[in-house]
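Okay, so here's the structure we're looking at.
The values are calculated or read from the model by the stated rules, or taken from the named source; none is laboratory data. Because the structure is a prediction, the values reported are computed rather than measured. Neighbour counts are summed over all protein chains in view; Cβ atoms, including those assigned to glycine, are modelled from backbone coordinates with ideal geometry. With ligands, DNA and RNA removed, areas are computed over all heavy atoms of the protein, side chains included. Shrake-Rupley method; radii C 1.70, N 1.55, O 1.52, S 1.80 Å.
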Amino acid sequence: LAPGVIARKWVAQPVQTAPTKVDMNAAVRDTLSLLNYQTRKQGVRVVESLDPALPAIWARASGMRGVCMNLMLNAVQAMEGGGTLTVSTRGEADGVTLEIEDTGHGIEAAHLDRIWDPFFTTKPVGRGTGLGLSITQRVVTRHGGTIRVVSLPGRGARFIVWLPLAGPGGDRA
């Protein structure tokens with residue numbers, strides 16, 4: 001080091017991964033805000049239908065934000081020529097449901113069973129790793145939830161995520 005220069009050691013701080021009460025509506029809004037430029041650039045209209053009385057869930061906030069980002073980004077990428085992204089939430093007696101629907105090209109029937117496989121992608125080289133849906137499914141199931149897809153080729157796709165109010169093991173905030 002040069003004379004008079006003070007060496008500073010930077011230590012990376014881990015992301016907080018402990019479960020906490022998570023507002024899924026906030027996670028949805030934050031994700032849509034991050035995708036705002038891309039949706040406007042592609043001519044994608046965003047429709048929000050968020051339950052104002054949605055209860056918080058006991059989960060890892062980073063995991064829930066990752067679920068939102070992976071599903072919404074895939075939806076936007078499926079609508080390169082424009083379309084509609086509809087995001088909705090609703091509360092239920094023991095959980096919450098998040099639905100993300102697009103008017104893109106949909107998923108071929110032959111691919112529906114493979115979309116959860118790590119490294120499976122139908123995107124061109126350099127456009128995706130094929131890990132997004134695999135990771136999303138793992139995060140959802142680790143939180144005690146379920147994820148499924150309904151899709152017709154040429155008519156878009158709808159991903160339905162259900163998450164319990166209480167996390168795995170019945171833990172509540």
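Numerical summary
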read-out	value
Accessible-area value, GLU108, 1.4 Å probe, nucleic acids and ligands omitted, Å²	100
Cα centroid separation, the stretch 17-50 to the stretch 66-100 (Å)	8
Proximal charge balance of VAL96 [Cβ under 11 Å; K/R count +1, D/E count -1]	-4
Gain upon complete extension [GLN38, ALA18; 0.36 nm per residue less C-alpha separation]	4.1 nm
Cβ crowding within 10 Å averaged over residues, with 134-140, 32-38, 52-58 ranked highest first	134-140, 52-58, 32-38
Computed E for ARG29/ALA110 - FRET, C-beta separation, R0 30 angstrom, nearest 0.05	0.25
